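Contents: one structure, followed by commentary.
The values are calculated or read from the model by the stated rules, or taken from the named source; none is laboratory data. Just so you know, these numbers come straight off a predicted model, no measurement behind them. Backbone-built Cβ (ideal geometry, glycine too); neighbour counts: all protein chains shown.
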Amino acid sequence: MKNDTPWPPPSTTTAADGTTATTDQPLLRTKPENIKVSVLNGTAEKGKAKRVAKLLRKQGYSVQEVGNADTTDVTTTTVQYDPAWDTSAKTLMYAATAQGEKVKKQGATMNLIIGTDFTEIKPVEISELTQDYTTQVNTGDEEFCAS
């Protein structure tokens, strides 16, 4: 307890000048290149899904489809995902500053429905800690089944 430190350790970024800063990024496990996503425009702004898909591809996401949502009055950007893929969804939700919506039997491909609140796709950093499978790090918002 004397040297108690937060777990997981806070994420930091290093600028070109060597200075470091702590980010608000949660502990993320899934690399963008392992995430399949369909981008759907939920706004009246033409071409928005195409522009967002381009941003996602730039950061390594596997964009499957680009199109329009069923409605054009979406205000909150949302990631629809299968609960079995919650760790992947966590990465995409952070990057797009989106809310999550669990959809059973959605499969491996998530839907990113763009709302009027969308501003950017933030870069993500996957901690090396999460790649060490001997630690089995789980956070309180992840589904975990002990067998």
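Points worth noting:
- Boolean, Gly100 is in contact with a Lys or Arg (Cβ under 9 Å, 6 or more places away or on another chain) and within 26 Å of Ala44 (Cβ to Cβ): yes
- Just one of the numbered conditions (1) under 23 Å from Pro26 (Cα atoms); (2) out of contact with any Ser or Thr (no Cβ under 8 Å at 6 or more places or on another chain); (3) outside any loop (DSSP other than H, G, I, E, B) is not true of Glu101: (2).
- Of all residues in the range 75-97 being out of contact with any strand residue (DSSP E or B) (no Cβ under 7 Å at 6 or more places or on another chain) and surrounded by fewer than 16 Cβ atoms within 10 Å (Cβ to Cβ), the one that is farthest from Thr43 (Cα to Cα): Ala84
- Evaluated against (1) surrounded by fewer than 14 Cβ atoms within 10 Å (Cβ to Cβ); (2) in contact with a helix residue (DSSP H, G or I) (Cβ under 7 Å, 6 or more places away or on another chain), Val63 falls short on exactly one condition, (1).
- Test for Phe144: is it at pLDDT 95 or above and assigned to a loop (DSSP other than H, G, I, E, B): no
- Within the range 75-95, being closer than 12 Å to Asn111 by Cβ, charged (D, E, K, R) and at pLDDT below 95 holds for no residue.
- Of the residues making up the range 109-120, just one is over 18 Å from Gly67 (Cβ atoms) and in contact (Cβ under 8 Å) with a residue 60 or more places away in the chain, namely Glu120.
- Check on Ser127, modelled with pLDDT under 95, within 18 Å of Glu65 (Cβ to Cβ) and small (Gly, Ala, Ser): no
- Among the residues listed as Thr72, Thr13, the single one being assigned to a loop (DSSP other than H, G, I, E, B), surrounded by 11 or more Cβ atoms within 10 Å (Cβ to Cβ) and either modelled with pLDDT of 95 or more or not basic (Lys, Arg) (or both): Thr72
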